[in-house]
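Read through the structure below, which is laid out as structure tokens, and then see the notes.
Read-outs throughout are calculated quantities, based only on the coordinates presented, and are distinct from any laboratory measurement. Nothing here was measured: the structure is a model prediction, and the numbers come from that model. Here the Cβ positions follow ideal geometry from the backbone for every residue, glycine too, while neighbour counts run over all protein chains shown.
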Amino acid sequence: MGVTGGIAAYKAVHLVRLLIKEGHDVTVVPTEGALRFVGLPTWEAISRQPVTTSVHDDVARVRHVALGQNADLVVVAPATANTIASMAAGLAGDLLGTTLLATEAPVLIAPAMHAEMWRHAATQANIATLRSRGVHLVGPADGELAGGDAGPGRMSEPEEILAAAQALLAPGDLSGLRVAISAGGTREPIDPVRFLGNRSSGRQGAALAAEAAARGALVTLVAAHVDAAVLDAVEHPSVVVVHVGTAAELAAAMKDASASADVVVMAAAVADYRPREAADHKLTKAEGGLGRIELVENEDVVAALATARSQGRAPAGQTIVAFAAETLPDADDRRERARGKRERKGVDLLAVNLADAEHGFEKSHNAVEVIGEGGAVIAEASGTKRQVAGAIWNAVLGIR
Ligand SMILES: Cc1cc2nc3c(=O)[nH]c(=O)nc-3n(C[C@H](O)[C@H](O)[C@H](O)COP(=O)(O)O)c2cc1C
């Protein structure tokens with residue numbers, strides 16, 4: 001565990017305790033800066049391991065590479081702006097730097113700094129570089145910062161960092177799978193203030209993303225107008241959220257994400273049609289443009305993704321799951337329609353749910369049937385959307 005020179009270093013003491021309580025062997029590698037905040041004896045006492053900060057200590061055991069080579073996970077908490085920049089540049093000026101270059105284990109960082117430092121283009125570019133190399137992030141949280149300021153930059157709480165570390169250390173049954181999930185409802189502009197939309201809240205898609213990440217998958221969540229509160233529940237080092245607005249934007253983002261995804265789940269409600277033209281000014285009654293809006297058909301995203309797969313523009317063995325919200329009150333009728341849809345679209349699984357006043361959209365609970373090969377109902381699930389998500393992932397694993 002790397003500790004760097006921020007006020008939050010005192011909270012890292014608690015994190016070391018938590019990791020040890022969970023049974024992990026922790027070697028603390030503080031920077032010189034970190035030792036200005038919490039002294040070496042504290043780290044040695046709390047971790048019950050010798051602690052050094054320089055590459056010139058304990059040279060006989062080649063600690064500068066051995067620590068990284070032997071680690072199952074490297075956590076940097078807090079990660080200062082300075083250390084994040086060093087990591088992005090690949091600097092090896094101290095024991096933490098050499099350890100980070102020598103390790104092939106997952107790396108998890110918990111950034112902590114003032115909001116201005118976090119928002120700075122240099123820090124954001126460094127974070128993007130680290131993400132692109134597969135470094136996992138937890139936080140930073142939005143909240144009170146040292147010196148009475150507030151904003152994004154506060155280190156995540158030790159319990160949250162522990163959970164992210166545990167997820168990386170104990171891979172779940174979706175470990176290593178890259179998944180692309182769409183969630184929410186698209187909006188097709190009529191004019192600058194109006195749109196054609198739908199009632200999808202994105203909760204089921206968000207639950208699928210959270211469940212997949214908790215079980216070890218690397219998730220790209222393409223979110224169309226999903227509330228921040230719903231997305232909060234998906235915050236996880238392995239989830240990247242891509243925000244989109246219209247059906248065309250969603251199609252482009254999903255094609256992009258699906259090109260390298262092992263599993264694709266289309267849980268978003270995508271508009272079938274859009275106004276032929278979006279007016280560049282607010283339409284008025286007097287103009288008469290509102291009473292009659294001409295619509296043109298949008299691309300069928302699910303069918304397009306299935307076609308991409310059949311043409312080899314997706315990883316071999318990709319699984320595609322689609323959703324159908326149906327208002328037909330009779331379960332047999334819904335099932336029949338879902339079977340037809342599954343065939344037509346060329347997907348592996350189709351999760352069909354009843355959408356009425358009590359079920360489906362905007363609700364925390366859901367009930368689905370999963371239609372598979374030959375139109376068979378291979379899974380049924382009802383409960384919270386997270387429970388339903390669990391059942392859907394089980395069904396996906398069952399056919400892979
Ligand atoms: C009181 C105090 C608090 C600091 N807190 C932070 C912080 O939270 N985040 C940060 O990036 N830098 C912080 N700094 C600045 C770093 O200590 C400084 O950039 C240092 O060079 C970091 O070195 P390191 O990354 O090798 O530990 C703080 C400095 C002081 C004096």
Of all DSSP beta bridges located in segment 2-169, what percent are antiparallel, nearest 5? 30
Hz values of 3J(HN,Hα) by residue in segment 223-228 - Karplus curve (6.51, -1.76, 1.60), Gly and Pro given as x: 10, 9, 6, 9, 4, 4
Quick one: 3J(HN,Hα) in Hz for segment 305-310, Karplus 6.51/-1.76/1.60 with θ = phi - 60°, rounded, Gly and Pro as x. 5, 5, 5, 4, 5, 5
Taking the Cα-to-Cβ direction at LYS282 and at ASP57 and moving 7 Å from each Cα, how far apart do the two end points lie in nm? 6.5
The long-range amide H neighbours of ARG178, using H built 1.01 Å from N in the peptide plane and a cut-off of under 5 Å, are LEU218, ASP262, VAL263
Any idea what the relative contact order of the chain is, in percent, if you count C-alpha pairs under 8 Å spaced at least 6 apart? 11
Under 28 Å between alpha carbons, and skipping anything fewer than 8 positions from LYS11 in its own chain: which lysines qualify? LYS21
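Restricting to bridges with both residues inside segment 178-399, how much of the DSSP beta-bridge set is antiparallel, in percent to the nearest 5? Walk me through the intermediate numbers first.
Working: 17 of 45 bridges.
For segment 178-399, the DSSP antiparallel bridge percentage is about 40.
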Ellipsoid equivalent to segment 122-204 - semi-axes via the Cα gyration tensor, in Å: 31, 23, 15
Evaluate E = 1/(1 + (r/R0)^6) for ALA376 and ALA228, where r is the Cβ-Cβ distance and R0 equals 35 Å; express this FRET efficiency to the nearest 0.05. 0.35
List every residue whose amide H lies under 5 Å from the amide H of ASP191, counting only residues 5 or more places away in sequence or on a different chain, with H placed 1.01 Å from N in the peptide plane. ALA279
Proxy reagent accessibility, fewest Cβ within 10 Å first, across ILE127, ILE371, ILE293: ILE293, ILE127, ILE371
Step through the residues of segment 70-81 one at a time and calculate ³J(HN,Hα) from phi using the Karplus curve (6.51 cos²θ - 1.76 cosθ + 1.60, θ = phi - 60°), rounding each to whole Hz and writing x for Gly and Pro. 8, 6, 8, 7, 10, 10, 10, 8, x, 9, 6, 4
Based solely on its DSSP helices, what 222 nm [θ] is calculated for the chain when runs of n ≥ 4 H residues each add -39,500 (n - 2.57) and the sum is averaged over all residues, nearest 500 deg cm²/dmol? -11000 deg cm²/dmol
Check the straight Cα-Cα distances from LYS341 and name the lysines below 29 Å, setting aside those fewer than 8 residues away within the same chain. LYS255, LYS363, LYS385
Less than 15 Å apart at the alpha-carbon level, and either on another chain or at least 8 residues along: which aspartates and glutamates does that give for LYS345? ASP272, GLU299, ASP300, GLU336, GLU373
Which percent, nearest 5, of DSSP beta bridges in the chain are antiparallel? 35
Based only on other Cβ atoms within 10 Å, what is the fewest-to-most ordering of LEU177, LEU169? LEU169, LEU177
Protection proxy ranking, peptides 84-94, 250-260, average beta carbon neighbours within 10 Å, highest first: 250-260, 84-94
Largest first, please: the extent of the C-alpha atoms of the chain along each principal axis, to the nearest Å. 75, 53, 39
With springs connecting C-alpha atoms under 10 Å apart, model the chain as a Gaussian network and identify which of ALA12, ALA121, ALA209 has the largest mean-square fluctuation. ALA121
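Which FRET efficiency value, to the nearest 0.05, is calculated for ALA150 and ALA259 with the Förster distance at 45 angstrom and r the Cβ-Cβ distance?
E(calc), rounded to 0.05, equals 0.70.
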Listed by chain and number, the residues whose amide H is under 5 Å from that of ALA324, excluding neighbours fewer than 5 places away on the same chain and using placed H, are ALA351, VAL352, ASN353
Paramagnetic label zone (point 7 Å from Cα along Cα-to-C-beta, LEU40; backbone N under 18 Å) in segment 5-19: 5
